[in-house]
């Protein structure tokens with residue numbers, strides 16, 4: 001009976017133990033983000049707050065301020081704005097989906113770097129992959145739901 005109790009206690013300790021940060025040889029943490037058809041591969045490392053997407057600055061790649069705000073939300077939520085450099089490659093989808101994918105990837109990479117940030121990011125809903133996809137076009141319709149125009153004469 002005591003052996004079973006000891007095994008249960010070991011499992012509880014393993015679950016309760018804080019997660020260890022995962023960093024590579026250059027001190028970076030990695031996260032994959034997805035949104036619609038876009039996939040972002042994101043590396044986060046301590047730095048001055050520079051965000052590079054596909055080799056270009058974030059202001060050049062994402063011209064709309066709303067897209068840049070979306071990317072910076074994980075840093076604002078965790079009060080880490082300007083403390084991390086982000087290197088990211090993103091492909092697929094449009095700019096809106098890519099911005100959402102980068103945000104998702106940054107959130108996941110931040111958790112790899114600092115596991116204690118998980119609670120605040122999860123409460124803000126930044127770790128959940130947005131599963132909404134474009135509805136397929138149906139036969140006999142113009143779009144997914146748009147019907148053909150009806151003419152009386």
(message) Just to be sure before I move on: is residue 45 surrounded by fewer than 16 Cβ atoms within 10 Å (Cβ to Cβ) and closer than 25 Å to residue 24 by Cα in the structure I sent?
(response) no
(request) Give just the number: which of (1) in contact (Cβ under 8 Å) with a residue 24 or more places away in the chain; (2) within 20 Å of residue 38 (Cα to Cα) does residue 124 not satisfy? (result) (2)
(request) Could you give me the residue pairs with C-beta distances under 7 Å whose first residue belongs to segment 71-84 and is at negative phi and without any contact (Cβ under 8 Å) to a residue 12 or more places away in the chain, whose second residue is crowded, with 17+ Cβ neighbours inside 10 Å and assigned to a helix (DSSP H, G or I) wherever it lies, and which are 6+ apart or on separate chains? (result) none
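Is it fair to say residue 55 is surrounded by fewer than 14 Cβ atoms within 10 Å (Cβ to Cβ) and either over 16 Å from residue 93 (Cβ atoms) or in contact with a strand residue (DSSP E or B) (Cβ under 9 Å, 6 or more places away or on another chain) (or both)?
Spelling it out, residue 55 is indeed surrounded by fewer than 14 Cβ atoms within 10 Å (Cβ to Cβ) and either over 16 Å from residue 93 (Cβ atoms) or in contact with a strand residue (DSSP E or B) (Cβ under 9 Å, 6 or more places away or on another chain) (or both).
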(request) Quick one: count up the residues across segment 121-144 that are assigned to a loop (DSSP other than H, G, I, E, B) and closer than 30 Å to residue 102 by Cα. (result) 16
(message) Could you check segment 63-112 and list, in sequence order, the residues that are exposed (fewer than 15 other Cβ atoms within 10 Å of the Cβ), assigned to a loop (DSSP other than H, G, I, E, B) and in contact with a helix residue (DSSP H, G or I) (Cβ under 7 Å, 6 or more places away or on another chain)?
(response) 81
(message) Exactly one of these conditions fails for residue 48: (1) under 30 Å from residue 20 (Cβ atoms); (2) assigned to a helix (DSSP H, G or I). Give me its number.
(response) (2)
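Where a number appears in this text, it was derived from the coordinates with a stated rule and is not lab data. This is a predicted model, so every value here is computed, not measured. Cβ atoms come from the backbone with ideal geometry, glycine included; neighbour counts cover every protein chain shown.
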